[in-house]
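The values are calculated or read from the model by the stated rules, or taken from the named source; none is laboratory data. A quick note: this is a predicted structure, and the numbers were derived from the prediction, not measured. In this analysis, Cβ positions are derived from the backbone assuming ideal geometry, glycine residues included, and neighbour counts consider all displayed protein chains.
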Amino acid sequence: MKPQHAMPDQRCPQCGKNLNRSSPVDLQLLAPVPGDFTICIGCVAVLQFDQQMKLQVPEQAAIEQLDAQTLRQLIAAQNLILSLKAERQSRGDA
Ligand SMILES: [Zn+2]
């Protein structure tokens, strides 16, 4: 079980999915902080926490300024979510 952190109840600004938990992509036990990036479990959009821990769609420039390791982690998280969704669909309980 991956560590999870509660966060303020809110909806994904992209797909509207209700989001109230986050899991760190790097398996560290750190809770997200303002400015951190995350991936929507519903639509795999890259999102960013603002100062009030509300999820925002980040500026493209902010994504382009990420270091290679962070980008790799975000892409790995997107791939993980997509493969979990595909697995669930193949079992017929999507
Ligand atoms: Zn979403």
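Considering segment 71-94 alone, what residues qualify as being closer than 18 Å to residue 32 by Cα and either among the basic types (Lys, Arg) or out of contact with any strand residue (DSSP E or B) (no Cβ under 7 Å at 6 or more places or on another chain) (or both)?
Residues satisfying the conditions are 71, 72, 73, 75, 76.
If you take the residues of segment 1-27 that are surrounded by 13 or more Cβ atoms within 10 Å (Cβ to Cβ), part of a strand (DSSP E or B) and among the hydrophobic types (A, V, I, L, M, F, W, C), which of them is modelled with the highest pLDDT?
Looking at the filtered set, the residue picked out is 19.
Output the number of the condition that residue 30 fails; it satisfies all remaining conditions of (1) away from the ligand (no atom under 16 Å from the Cβ); (2) of a type in the set (A, V, I, L, M, F, W, C); (3) at pLDDT 95 or above.
Every listed condition holds for residue 30 apart from (3).
Would you please list the contacts, defined by Cβ atoms under 9 Å and residues six or more apart or on different chains, that run from a residue in segment 66-90 that is in contact (Cβ under 8 Å) with a residue 24 or more places away in the chain to a residue that is aliphatic (A, V, I, L, M) and assigned to a helix (DSSP H, G or I)?
Correct list of pairs: 66/74; 74/63.
Just to be sure before I move on: is residue 74 surrounded by 13 or more Cβ atoms within 10 Å (Cβ to Cβ) and touching a Phe, Trp or Tyr at 6+ places or on another chain (Cβ under 8 Å) in the structure I sent?
Yes; evaluated as a whole, the condition is true for this residue.
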